[in-house]
1. Where in segment 48-120 are there strands (runs of 3 or more DSSP E), lying wholly inside it, with at least 1 residues that are within 25 Å of Ile139 (Cα to Cα) and modelled with pLDDT under 95?
2. Restricting to segment 134-147, give me the number of residues that are aromatic (Phe, Trp, Tyr) and either more than 17 Å from the chain's Cα centre (by Cα) or open to solvent by less than 30 Å² (accessible area, probe 1.4 Å) (or both).
3. As an exercise: evaluate Glu2 against (1) at pLDDT 95 or above; (2) open to solvent by 10 Å² or more (accessible area, probe 1.4 Å); (3) in contact with a strand residue (DSSP E or B) (Cβ under 6 Å, 6 or more places away or on another chain) and give the number of the one condition it does not meet.
4. Any idea which of (1) in contact with a strand residue (DSSP E or B) (Cβ under 7 Å, 6 or more places away or on another chain); (2) of a type in the set (Ser, Thr, Tyr); (3) over 22 Å from Phe12 (Cβ atoms) is the one Tyr114 doesn't satisfy?
5. β-branched (Val, Ile, Thr) and touching a Cys at 6+ places or on another chain (Cβ under 6 Å), is that true of Ile64?
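The values are calculated or read from the model by the stated rules, or taken from the named source; none is laboratory data. In this text the structure is predicted, and so the values were computed from the model without any measurement. Here the Cβ positions follow ideal geometry from the backbone for every residue, glycine too, while neighbour counts run over all protein chains shown. In case anyone asks, the SASA skips ligands and DNA or RNA and just uses the protein heavy atoms, side chains included. Shrake-Rupley method; radii C 1.70, N 1.55, O 1.52, S 1.80 Å.
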Amino acid sequence: MEIELKEEQITFPEEKYEYLDHTADVQLHAWGDTLKEAFEQCGMAMFAYMTDLRYVTIRNCFKIEANGDDLENLLFHFLDELLFLFSAEPYLICKKVDITKFDIENFQIECLCYGEEFEIGKHPQGTEVKAITYSAMQIHQQPEKNYYEVFVIIDI
């Protein structure tokens, strides 16, 4: 669902992710002060792997929803919904994802996705992400230290 966009209200957090080597695939490692932030950073890591986000302009905003049976399943479905935005019309490459509802009791996410349609020539081609996997998926929570991290292998 496309949302009305007010670009002047958008702020960009620092990058809190990295890419770890994995046989034939890549592992996303993202972290944050909250689990919500770690999920958001993981989504951004996936988009940044597909193109250099410095070339992305915010022109559109889409709302996605994801549901799961547990945290890992919720993370999987969240990333899968983001990948669907990129893989099908509107072919959205996100410069920012903002989770507006993060219900870990009912395993539900609502997220605003800011970006524009991917355009060859404007956006450098990174590596295509084919799918999200459950392989070696990990979610680590240390609430007493305000530290949360996630690990997800993506099929490239």
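1. No strands (runs of 3 or more DSSP E) qualify here.
2. Of the residues in that region, 1 qualify.
3. Single failed check for Glu2: (1).
4. Evaluating Tyr114 over (1) in contact with a strand residue (DSSP E or B) (Cβ under 7 Å, 6 or more places away or on another chain); (2) of a type in the set (Ser, Thr, Tyr); (3) over 22 Å from Phe12 (Cβ atoms) leaves (3) as the failure.
5. yes
One line per residue, one yes/no per condition, for (1) under 21 Å from Glu15 (Cα atoms); (2) surrounded by 16 or more Cβ atoms within 10 Å (Cβ to Cβ); (3) charged (D, E, K, R); (4) touching a His at 6+ places or on another chain (Cβ under 7 Å):
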| site | (1), (2), (3), (4) |
| --- | --- |
| Phe62 | no, yes, no, no |
| Gly68 | no, yes, no, yes |
| Asn73 | no, no, no, no |
| Phe76 | yes, yes, no, no |
| Asp80 | yes, no, yes, no |
| Ala88 | no, no, no, no |
| Cys94 | yes, yes, no, no |
